[in-house]
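Right, one structure below, let's go through it.
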Amino acid sequence: MSKFHYHQQLSTLIDSTLLHLYSHVAISRRFVPTAKRNTILCQYLKPKIKQPQHKSIKGDIKRMVIAGQKAGANLELKLEELRKMTNNYQESINDAQRLYDLLNHLFDEHGFDSRLFHEGEKTEPEIIYILKDHLEHCFEEGGEQIAPVSLLIEFKQNTPDILINVINQTCLFCASLHEHNTETKQTHIHLNPYRNT
């Protein structure tokens, strides 16, 4: 799992945990002390340890629960600090790093391998190819994307919609179909930076 996805998953869990706490506090007619807040947070987090979708952050969740069970602890404050750290990381990475993270995610989670395309090379189906010289012109020196990145792939088992949906769900890039040849199943997909505005 890429660092970006790790931080994204951690941030999502922290947000849902804090929302759970704040909804409990909002419906309470009394002041909710820190010890009770810790209990609410730990009760919410404990079952998440065994859930398969949280396996990559399982250790973090265990540490949160242990921290919340200590006398005098303030788990809510620690979660707020962690939330700031994960959001700062997500904002600090550049588009070139996001492309690297996307390609790793596509391989690790969905089995789409990727390679640089070299002129005259025979391509294989279900592998994403990227033109090396194209990459050099799509990013500025600081790593910011200035032109769409082209992904080329020949589908045998999957369809363009599957890959485009997987990419768009990552929120790393906005993928769109540029060209698709129905006879050869060759597809050209454009990636544009995802800007959360």
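The values are calculated or read from the model by the stated rules, or taken from the named source; none is laboratory data. Here the structure is a predicted model, which is why all the values come from computation and not from measurement. In this analysis, Cβ positions are derived from the backbone assuming ideal geometry, glycine residues included, and neighbour counts consider all displayed protein chains. Remember, those area values only see protein heavy atoms, side chains included, never the ligands or the DNA or RNA. Shrake-Rupley method; radii C 1.70, N 1.55, O 1.52, S 1.80 Å.
So, in nm, how far is label residue 181 from label residue 119 when the simple model puts each one 7 Å beyond its Cα toward the Cβ?
1.9 nm
Could you sort 159, 17 by accessible area so the largest value comes first, with the probe set to 1.4 Å? Write down the numbers at each step before the final one.
On the way: 159 60, 17 0 Å².
So the residues, ranked largest to smallest area, are 159, 17.
Short version: what are the Cα gyration tensor semi-axes of the range 122-197, square root of 5 times each eigenvalue, largest first, in whole Å?
Working: eigenvalues 102, 49, 16 Å².
Value: 23, 16, 9 Å, ordered largest first.
What distance in nm separates the simple spin-label points at residue 91 and residue 43, each placed 7 Å from Cα in the Cβ direction?
Inter-label distance under the simple model: 3.4 nm.
Rolling a 1.4 Å sphere over the protein heavy atoms, what is the accessible area per residue of the range 73-197, to the nearest Å²?
Here the per-residue accessible area is 60 Å².
How large a share of the accessible area of the range 39-157, in percent, is made up of carbon and sulfur atoms when the probe is 1.4 Å and the other protein chains stay in place? List each step's numbers first, then the result.
Values: 3640 of 7250 Å².
The value for the range 39-157 is 50 percent carbon and sulfur by accessible area.
May I ask you to give the solvent-accessible area per residue for the range 18-61, in square angstrom, as obtained with a 1.4 angstrom probe? Please list the in-between numbers first.
Values: 3000 Å² over 44 residues.
Value for the range 18-61: 68 Å² per residue.
Using the structure shown, list the pairs from 50/132; 50/78; 3/62 with a Cα-Cα distance above 31 Å, or answer none. Please list the in-between numbers first.
Numbers: 50/132 42 Å; 50/78 22 Å; 3/62 19 Å.
The pairs that break the limit, which is 31 Å between Cα atoms, are 50/132.
What number comes out for the charge environment of residue 105, summing +1 per Lys or Arg and -1 per Asp or Glu over other residues with Cβ under 12 Å away?
Values: positive: 3, 98; negative: 101, 108, 109.
Net charge around residue 105: -1.
Working from the alpha-carbon coordinates of the chain, get Rg over Rh, Rh being the Kirkwood radius. Let's see the in-between values first.
Numbers: Rg = 21.3 Å, Rh = 19.3 Å.
Rounded to two decimals, Rg/Rh equals 1.10.
Which ³J(HN,Hα) values, rounded to whole Hz and listed in residue order, are derived for the range 57-74 from phi using the Karplus coefficients 6.51, -1.76 and 1.60 in 6.51 cos²θ - 1.76 cosθ + 1.60 with θ = phi - 60°, glycine and proline given as x?
10, 4, x, 5, 5, 4, 5, 4, 5, 4, 4, x, 8, 6, 5, x, 6, 10
Farthest toward the dipole's positive end in the chain, which of 172, 8, 151, given Cβ charges of +1 (Lys, Arg) and -1 (Asp, Glu) about the Cα centre?
With unit charges placed on the Cβ atoms, the residue in question is 8.
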